[in-house]
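Rule-based calculations on the coordinates, nothing more; no lab input. All values reported here derive from a predicted model rather than from experimental measurement. Glycine also receives a Cβ, built like all others from the backbone with ideal geometry; neighbour counts cover every protein chain displayed.
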């Protein structure tokens, strides 16, 4: 039997890797990660524990990735893990949150590869701590999205995180302002060039893929 661990490496700070993540990485026969022009943030985070390991970078088509890409990736994984050994697929954040691994896991369902998830700390959880933004207290609702949230939906939401806000942020911030949300823009969370901004004009000048906005509506005491 072969085994694949989907390992979340967290937001980027290597000290936020879990003990289990470190153990399965160290014990793995082969390490997998998506190929980003020969680089990968998850690999960079875990590099101290990837010593004398075989690393397989898996290519995905630029733009829209489809089922064929995930099927090809799953076949590579099945072929590269020796029988009786385990491999690790690294992903930033957590494997179950907006992750490529979710689709690879689906393709492996009827194969001879057993899959186990090793959770990672999501960027928005780390960012909530950095910006001192409570995600939720009893009775509240939290929304996570990777696009502009609908204004109507925000009427019933107390806290929201919008991931990957590297494009047009103005409309999103205008909605937050209109609905009474305070917000923080967090760029490269936990990394050396981390930046936290709360001024609207400063936020609009930033254009970084590794960024998100935490918004919260505080109730009157």
FRET efficiency for residue 109 and residue 85, using Cβ-Cβ distance with R0 set to 22 Å, rounded to 0.05 | 0.65
Which order results if 69, 110 are arranged by neighbouring Cβ count within 10 Å, fewest first?
-> 110, 69
Gained length - residue 218 relative to residue 53, 0.36 nm times residue gap less alpha-carbon distance | 54.6 nm
Ranked 145, 159, 189, criterion: other C-beta atoms within 10 Å, fewest first = 145, 159, 189
Residue 23 to residue 137: extension gain in nm, 0.36 nm per residue of separation minus the Cα-Cα distance?
-> 37.7 nm
Can you grab the distance from the C-alpha centre of segment 27-91 to the C-alpha centre of segment 133-191, Å, no decimals?
-> 32
By the C-alpha gyration tensor axes a ≥ b ≥ c (rounded if a/c is under 1.5, else prolate when a/b exceeds b/c, else oblate), the shape of segment 135-187 is prolate
Computed helical MRE - 222 nm, the chain, DSSP H runs ≥ 4 contributing -39500 (n - 2.57), nearest 500 = -7500 deg cm²/dmol
Relative contact order of segment 1-111: what whole-number percent is it, with Cα pairs under 8 angstrom and at least 6 residues apart?
-> 42
So if we plug the beta-carbon distance of residue 146 and residue 71 into 1/(1 + (r/R0)^6) with R0 = 30 Å, what FRET efficiency do we get, rounded to 0.05?
-> 0.80
Would you indicate which of (i) -0.60, -0.99; (ii) -0.61, -1.10; (iii) -0.49, -0.98 is the value of log10 I(q)/I(0) by the Debye sum over Cα atoms at q = 0.11, 0.15 Å⁻¹ derived from the coordinates of this structure?
-> (i)
Exposure proxy check: 202, 194, 140 ranked by fewest other beta carbons within 10 Å?
-> 202, 140, 194
Cα gyration tensor, segment 123-216 - rounded (a/c under 1.5), prolate or oblate = oblate
Shape of segment 63-117 from its Cα gyration tensor (a ≥ b ≥ c, root eigenvalues): rounded if a/c is under 1.5, otherwise prolate when a/b > b/c, or oblate?
-> oblate
Rounded to the nearest 10 degrees, what's the angle between the helix 67-80 long axis and the longest principal axis of the chain, both from Cα atoms, 0 to 90?
-> 40
FRET efficiency for residue 14 and residue 178 from the Cβ-Cβ distance with R0 = 41 Å, rounded to 0.05, comes out at 0.55
